[in-house]
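*Asks:* Pasting a structure below so you can have a look.
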Amino acid sequence: MSQEPIMDVAHLGHLELLTPKPEESLRFFVDVLGMTESGRKADSVFLRAWDDYEHYSLQLTAAKTAALGHAAFRARSAQALERRVKAIENSGAGIGWVKDAYGHGPAYRFRDPDGHVIELYYETQWYQAPQALRPALKNQAQRYPARGVNVRRLDHFNCLAVDIQANREFFENYLGFRLTEQIVLDSGEEAGMWLTATNKSYDFAYTKEAHGVKGRFHHITYALDSREDVLRAADIFLEAGVPIETGPHKHAVQQTFFLYVFEPGGHRVEVANAGARLVLAPDWQPIRWSETERKKGQAWGLKTIETFHTHGTPPLPGQSPFENETVEQDDLSEKGIAS
């Protein structure tokens, strides 16, 4: 008899990005991506996409270097939060409770096997648009901003990890995430995983870290409604002088139509038409991509640029945020690991 699925995590809630250029990063997310500021606390500014139902989905925090502060998931209930906290505490990965979080209730923090800080919470503050931002339709969180790229909602994030299998098993066993797709090299080593807590095909991904350094971050992704929106975003980034790393292309893994850029603080940001695929089958069988299949690259488009497989935040010791990170041993670009 198969084990009853754990359905205690509802969805990805928000990310905290640390930035050494807080004012420049803020202008990027507000003026170019089209996000709305929803509050400030200490060294942090809280931002939202126009159809995020919660008060915010991005926390920008001033820091000495670019890095992921934490990633946060909302639990399905107070009881679900209690169950997951107990399981995580038993795993030995717990950090403890944050009682004074902005925009939501008490949150429990822990570290995954690679050292990334993850947060779980349930009580949350739903966004109430002020008069100037109230939409014409009551089933929409906020008026369409008509500014910049106009990102609609937080979609997913991608972390880099030294041991993909250890992280996959952690999120499956202690949080109940489902594996939808993965990359397995000829050696048997797992090099990429895409997991979901919802009917979306994935809420986050972890891919192989090229330099053996734990706790690094690959990108944050905001969703747009259509491929045409992604193409228009390329024009907007071009006019704004935003560095485009790669795209628009189509990923083979998960079939996301994507475009990657760098924000001023050094983080990679993706805009994508990412919501087309749903995983409705309760007994979904994970799709496994081989090393040979991934060497073919993206579904279509130009060859993936080398930095996509090697750049992450924080920068490697002694490097600037945008300095090229070469790989001397494992050539991940040949294996097509990141997606």
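*Asks:* Just wondering, is there one or more residues in the stretch 267-287 that are closer than 30 Å to L26 by Cα, exposed (fewer than 14 other Cβ atoms within 10 Å of the Cβ) and in contact with a helix residue (DSSP H, G or I) (Cβ under 9 Å, 6 or more places away or on another chain)?
*Replies:* Yes, the stretch 267-287 contains a residue that is closer than 30 Å to L26 by Cα, exposed (fewer than 14 other Cβ atoms within 10 Å of the Cβ) and in contact with a helix residue (DSSP H, G or I) (Cβ under 9 Å, 6 or more places away or on another chain).
*Asks:* Take the residues of the stretch 121-140 that are among the hydrophobic types (A, V, I, L, M, F, W, C) and touching a strand residue (DSSP E or B) at 6+ places or on another chain (Cβ under 8 Å): which is surrounded by the fewest Cβ atoms within 10 Å (Cβ to Cβ)?
*Replies:* W126
*Asks:* Follow-up question, since we're still on this one. Enumerate the pairs (first residue in the stretch 1-24 and modelled with pLDDT under 95; second residue anywhere and surrounded by fewer than 12 Cβ atoms within 10 Å (Cβ to Cβ) and not polar (S, T, N, Q)) with beta-carbon separation below 8 Å, excluding pairs fewer than 6 apart on the same chain, so at least 6 apart or on different chains.
*Replies:* Final answer for the pair search is P5/P282.
*Asks:* Just to be sure, is A62 farther than 18 Å from H104 by Cα and in contact (Cβ under 8 Å) with a residue 24 or more places away in the chain?
*Replies:* yes
*Asks:* Could you list, in sequence order, all residues of the stretch 130-173 that are part of a helix (DSSP H, G or I) and either touching a Cys at 6+ places or on another chain (Cβ under 6 Å) or under 30 Å from F237 (Cβ atoms) (or both)?
*Replies:* A132, L133, listed by residue number.
*Asks:* Continuing with the same structure: Being of a type in the set (A, V, I, L, M, F, W, C) and either touching an Asp or Glu at 6+ places or on another chain (Cβ under 7 Å) or more than 15 Å from Y102 (Cα to Cα) (or both) is the filter here, so list the residues in the stretch 118-141 that pass it.
*Replies:* I118, W126, A129, A132, L133, A136, L137, A141
*Asks:* Going by the structure shown, is Q79 under 29 Å from E169 (Cβ atoms), in a helix (DSSP H, G or I) and modelled with pLDDT of 95 or more?
*Replies:* In short, yes.
*Asks:* For the stretch 191-206, which positions are polar (S, T, N, Q) and in a strand (DSSP E or B)?
*Replies:* T196
Yes/no matrix, rows are residues, columns are (1) modelled with pLDDT of 90 or more; (2) of a type in the set (S, T, Y); (3) not in a loop (DSSP other than H, G, I, E, B):
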residue: I236; (1), (2), (3): yes, no, yes
residue: Y260; (1), (2), (3): yes, yes, yes
residue: G265; (1), (2), (3): yes, no, no
residue: A272; (1), (2), (3): yes, no, yes
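*Asks:* Ok, one more. Condition first: closer than 21 Å to E270 by Cβ, assigned to a strand (DSSP E or B) and in contact with a Gly (Cβ under 9 Å, 6 or more places away or on another chain). Now tell me which residues in the stretch 1-46 satisfy that.
*Replies:* H14, L15, E16, L17, L18, T19, V45, F46
*Asks:* Answer yes if at least one residue in the stretch 70-91 is within 16 Å of the chain's Cα centre (by Cα) and without any contact (Cβ under 8 Å) to a residue 24 or more places away in the chain, and no otherwise.
*Replies:* Checked the stretch 70-91: no residue is within 16 Å of the chain's Cα centre (by Cα) and without any contact (Cβ under 8 Å) to a residue 24 or more places away in the chain.
*Asks:* Starting from the stretch 159-170, keep only residues that are farther than 7 Å from K208 by Cα, then list their pairs with residues that are part of a strand (DSSP E or B) and at pLDDT 95 or above whose Cβ atoms are within a distance under 6 Å, requiring at least 6 positions of separation or different chains.
*Replies:* C159/Y206; C159/F217; Q165/E190; N167/A161; N167/Y206; R168/M193
The values are calculated or read from the model by the stated rules, or taken from the named source; none is laboratory data. Keep in mind that what you see is a predicted model, and the values were worked out from it rather than measured. We place every Cβ from the backbone using ideal geometry, glycine too, and count neighbours over all the protein chains shown.
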